[in-house]
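The structure under discussion appears below in the form of structure tokens.
The values are calculated or read from the model by the stated rules, or taken from the named source; none is laboratory data. All values reported here derive from a predicted model rather than from experimental measurement. Reconstructed Cβ throughout: ideal geometry from the backbone, glycine too, with neighbour counts over all protein chains shown.
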Amino acid sequence: MRKLEYKTKYNHWMPKILKVGGITLLNTVYFSGVRANVSARLVAHEEIHIKQINTDGYLKFYWTYLLDYLKLRVSGLGHNQAYRSIPYEKEAYGKTNHL
């Protein structure tokens, strides 16, 4: 298996504003915490998103992610429940919950 190529930014303003521990945009993972405080579980979760992007491509990943989220919200789910129900998130959480 080839090594994933991506950049990391720690203690970044973007996830802090969004009130999340980490977010993956294109080939960069942004973490709200300093490197020493970012859990292996969160790193693994974001690496799953990098793999998903590499498999599906940027456009398909983000388009599908956004459409799934919007459909779930329109169906009546709140933000957190809709977010956790996005198939890409379910896969990432499912593969990292044991960590």
*Look through V38, V74 and report the one residue that is among the hydrophobic types (A, V, I, L, M, F, W, C) and touching a strand residue (DSSP E or B) at 6+ places or on another chain (Cβ under 9 Å).*
V38
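Criterion first (of a type in the set (A, V, I, L, M, F, W, C), without any contact (Cβ under 8 Å) to a residue 40 or more places away in the chain, closer than 17 Å to Y93 by Cβ and in a loop (DSSP other than H, G, I, E, B)) does V20 satisfy it?
Working: of a type in the set (A, V, I, L, M, F, W, C): yes; without any contact (Cβ under 8 Å) to a residue 40 or more places away in the chain: yes; closer than 17 Å to Y93 by Cβ: yes; in a loop (DSSP other than H, G, I, E, B): yes.
In short, yes.
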*Using the structure shown, decide if T8 is in a helix (DSSP H, G or I) and of a type outside the set (A, V, I, L, M, F, W, C).*
no
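What about T28, is it surrounded by fewer than 16 Cβ atoms within 10 Å (Cβ to Cβ) and either in contact with a strand residue (DSSP E or B) (Cβ under 8 Å, 6 or more places away or on another chain) or charged (D, E, K, R) (or both)? Explain how you work it out, then say what you get.
Values: surrounded by fewer than 16 Cβ atoms within 10 Å (Cβ to Cβ): yes; either in contact with a strand residue (DSSP E or B) (Cβ under 8 Å, 6 or more places away or on another chain) or charged (D, E, K, R) (or both): yes.
For T28, the condition - surrounded by fewer than 16 Cβ atoms within 10 Å (Cβ to Cβ) and either in contact with a strand residue (DSSP E or B) (Cβ under 8 Å, 6 or more places away or on another chain) or charged (D, E, K, R) (or both) - is met.
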*Are there any pairs, at least 6 apart or on different chains, whose C-beta atoms fall under 8 Å, with the first in segment 44-65 and free of Cβ contacts under 8 Å to residues at least 24 places away in the same chain and the second surrounded by fewer than 17 Cβ atoms within 10 Å (Cβ to Cβ) and polar (S, T, N, Q), and if so, which?*
D56/T64
*Counted residues, segment 25-34 - those being modelled with pLDDT of 95 or more and either part of a loop (DSSP other than H, G, I, E, B) or closer than 17 Å to L99 by Cβ (or both)*: 5
*Residues being under 18 Å from V20 (Cα atoms) and not in a helix (DSSP H, G or I): count how many of those fall in segment 42-99.*
3
*Residue satisfying all of: in segment 44-74; touching a helix residue (DSSP H, G or I) at 6+ places or on another chain (Cβ under 8 Å) and farther than 27 Å from E5 by Cβ; surrounded by the most Cβ atoms within 10 Å (Cβ to Cβ) among these*: L72
